[in-house]
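Here, each number is a calculation from the coordinates, and none is a lab measurement. Just so it is clear, the model here is predicted, and its values are computed rather than measured. A quick note on method: Cβ atoms are made from the backbone with ideal geometry, for glycine too, and the neighbour counts reach across all protein chains shown.
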Amino acid sequence: MGRPKQFDPDAAVEKAVEIFWCKGYGGTTPQDLVDGLGVGKGSLYNTFTSKQALFEKALRRYGDRRVAGLVEVLEGSGPVRERLRAALERLVDTGLSDPYRRGCLAVNTAAEPAGADPALGEIVRSVFDRMEAAFQAAIEEGRRHGEIDADRDPREAASLLLSTAIGMSVVAKTADRPDRLRRVVDAVLATL
C-alpha cells in the first residue's frame, strides 16, 4: 500500500503559477519549486513527473483565469465600446498594480525560449485564440447594435485588440505611469 500524498496537487499548481510567473520557466529551478510548494522533490516528481509537466498545468490554469476574466468583462452589461474599454483598462490596471511587474505569463512564455516548445506554444496559442474569440464576439455584438462600424471586419478588429493587449502587457512591465497605456486604449478604440 502506497503512502498518501502529503500535499494537495491542485494547491501546488496554484502556487506554481506564482513561482513560474515571477521567475519564468527557464529561471525556475526544481529547487525553487520544492521550496515554494513546500514538498519533497520525490513527491513533486511523483505527482507531476517533470518541471515542464507542472509548468504546462500552471500555464493552463493561468490562461483559463485570464480568459475567464476577459470574457466576464466583455459579456457584461452596457454598451459594447464601454465593455471593450473596461477590458483593456483592466489589463492596464492589473499590469501597473502588480508590484513585481510580471506582465502576462502567456506572453512571457511566448517570448521566452520555452515558447518554442510545441506543447507550450499550443497552450499559449489556445489562450490567445480564446482571447481573440472573446474580442470578436464583442465586436460582432457591437456591429449588430450599431455601436461599431458595420464595415469593420470583426476578425481583423479582434486580432488588433489581441495584439494591443499583448503589447500593453509588455509595456506595463516598465511603465511608470498609466498615461501611455491609456493613450493606446483610446487609439485602438478610435479605430472601431
Q: Give the residues of the stretch 90-131 whose amide nitrogen is closer than 20 Å to a point set 7 Å from the Cα of residue 163 in the direction of its Cβ.
A: 91-92, 104, 106-112, 124-131
Q: Could you check which residue among 115, 76, 167 shows the biggest mean-square fluctuation in a GNM of the chain with a 10 Å Cα cutoff?
A: 76
Q: Using only Cα atoms, find the angle between the long axis of helix 51-74 and the longest principal axis of the chain, and express it within 0 to 90 degrees, rounded to the nearest 10.
A: 30
**Q.** GNM flexibility winner over the chain from 39, 71, 17 (Cα, springs under 10 Å)
**A.** 39
Q | Fluctuation leader among 153, 176, 93 - the chain, Gaussian network, Cα springs under 10 angstrom | A | 176
Q.
Rounded, prolate or oblate for the stretch 59-190? Axes are the square roots of the Cα gyration tensor eigenvalues, ordered a ≥ b ≥ c, and the cut-off for rounded is a/c under 1.5.
A. oblate
